[in-house]
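**Q** Following this message is one structure expressed as structure tokens.
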Amino acid sequence: MCSTLALAPSLEEEVAPETAAFYRRALQVLVAAEVPFLVGGAFAHACFTGIRRSTKDLDLFVRRADLERVFALMQGEGWRAELTYPHWLAKVYAGEEFIDLIFNSGNGLTPVDERWFEDNAWAEVLGVPVRVANMEDSMLSKAFIMERERYDGADIVHLLQANAERIKWPRLIECFGPHWRVLLAHLALFGYVYPGERHRIPQWVMETLLERLEAEIRRPPAEDPHVCAGTLLSREQYLHDVERLGYVDGRLTPVSTMTEGDVALWTDAIPARQIEAAPAVNDPVAGAALK
């Protein structure tokens, strides 16, 4: 059975009234149509941690197979829907306001599947009873966000601090699968941030992950696949490795669902690259083109 969360039931104070009305109506439409979806992002984080913060959008996790149906429902309300990044993200716009429809992760590692909809907690978001993405899946999706301009490690630490005894640890380890080193790094960081609460991470969890680490140290890889998995953590900071040093992009290995086209599109969307590609403002030809 799913539990009902009492924390941060509304978040009315964090968004403008007209924005809240847009979010609320979208939630009501999806609930009425019985489309499976999960609330994530700042709303879910507030439910699990009590940390309330303003948000520029509403994050909804949906299955890719349900996306066209969601588009039809949203367009029926007069809103614009677009498949922003075909490998992981769509958006719904009401004027300048928007909702993110997330069906994978930006690195292609965590497609939203049936497992995401198992034993979810319920919460009221803007007055609408909805299911919330599980903490384990939230941590998995946040664990790989390590950009220069955004790092979600603090969110993971706060999720652990508020919920260490409620986390389904076997499930969490299973979720990370071959990426267990990333999980170990975040758990080690928790013990650094809260030195008096290290014991709240079950001893068997740390021992399991450390045993894996020790086994890897004792058994060097038979061959070097020359892969840079850093691109799974940051779409920008390891481009030097794959573009200049000849490393295989970790996103183009079997662990990810991304294609070369997905990688190219996601790379072109890096803000710094967009700025570099923009015409100079003092260029009269470019300036005319921008008008």
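**Q** With point charges of +1 on the Cβ of Lys and Arg and -1 on the Cβ of Asp and Glu, referenced to the Cα centre of the chain, which listed residue (50, 32, 79) lies farthest in the positive direction of the dipole?
**A** 50
**Q** Read phi for every residue in region 84-101 and hand back ³J(HN,Hα) as whole Hz from Karplus 6.51 cos²θ - 1.76 cosθ + 1.60, θ = phi - 60°, with x for Gly and Pro.
**A** Running phi through 6.51 cos²θ - 1.76 cosθ + 1.60 with θ = phi - 60° gives 5, 10, x, 8, 7, 9, 10, 9, 10, 10, 10, x, 8, 7, 8, 10, 8, 9 Hz.
**Q** Of all accessible surface on the chain at a 1.4 Å probe, what whole percent is carbon and sulfur?
**A** On the chain, the fraction of accessible area on carbon and sulfur atoms equals 55 percent.
**Q** Using a simple spin-label model with points 7 Å from Cα along the Cα→Cβ vector, what separation in nm is obtained for residue 174 and residue 18?
**A** About 4.7 nm, to one decimal.
**Q** Here's a follow-up. What FRET efficiency, computed as 1/(1 + (r/R0)^6) with R0 = 30 Å and r the Cβ-Cβ distance, is obtained for residue 162 and residue 218, rounded to the nearest 0.05?
**A** 0.25
**Q** Please compute the per residue accessible area over the chain with all protein chains in place, 1.4 Å probe, rounded to a whole number of Å².
**A** 52
**Q** Mind counting lysine pairs for me in the chain? Cα separation below 24 Å, and the two need to be 8 or more apart along the chain or on different chains.
**A** Number of lysine pairs found: 4.
**Q** Between residue 83 and residue 188, what is the spin-label point distance in nm, taking each point 7 Å from the Cα along the Cα→C-beta axis?
**A** A separation of 4.1 nm, rounded to one decimal place.
**Q** Relative to the compact-globule scaling 2.2 N^0.38 Å, provide the ratio for the alpha-carbon radius of gyration of region 52-107.
**A** Details: Rg = 11.2 Å, N = 56, 2.2 N^0.38 = 10.2 Å.
Working it through for region 52-107, the quotient is 1.10.
**Q** Calculate, axis by axis, the spread of Cα positions in region 114-193 along the three principal axes, and write the results as whole Å, longest axis first.
**A** Projected onto the principal axes, the Cα atoms of region 114-193 cover 36, 28, 23 Å.
**Q** Which whole-angstrom value gives the distance between the alpha carbon centres of region 88-112 and region 156-174?
**A** 24
**Q** Using the Karplus curve 6.51 cos²θ - 1.76 cosθ + 1.60 with θ = phi - 60°, what ³J(HN,Hα) values do you get for each residue of region 207-221, in whole Hz, with x for Gly and Pro?
**A** Once rounded to whole Hz, the list reads 5, 4, 6, 5, 5, 5, 5, 4, 5, 5, 5, 6, 10, x, x.
**Q** If you don't mind, there's one more thing I want to ask. Can you tell me which of 146-155, 248-257 comes out highest on packing, and rank the rest after it, using the mean Cβ neighbours within 10 Å?
**A** My ranking of the peptides, most packed first, is 248-257, 146-155.
**Q** Now for a different question. Using the Cα centre as the reference, give the magnitude of the dipole from point charges on the C-beta atoms of the chain (Lys, Arg: +1; Asp, Glu: -1; all else neutral), rounded to the nearest 20 debye.
**A** With Lys and Arg at +1 and Asp and Glu at -1, about 320 debye.
The values are calculated or read from the model by the stated rules, or taken from the named source; none is laboratory data. Here the structure is a predicted model, which is why all the values come from computation and not from measurement. Cβ sites come from the backbone with ideal geometry, for glycine too, and all protein chains shown count toward neighbours. Calculation scope for accessible area: heavy atoms of the full protein, side chains included, ligands and nucleic acids excluded. Shrake-Rupley method; radii C 1.70, N 1.55, O 1.52, S 1.80 Å.
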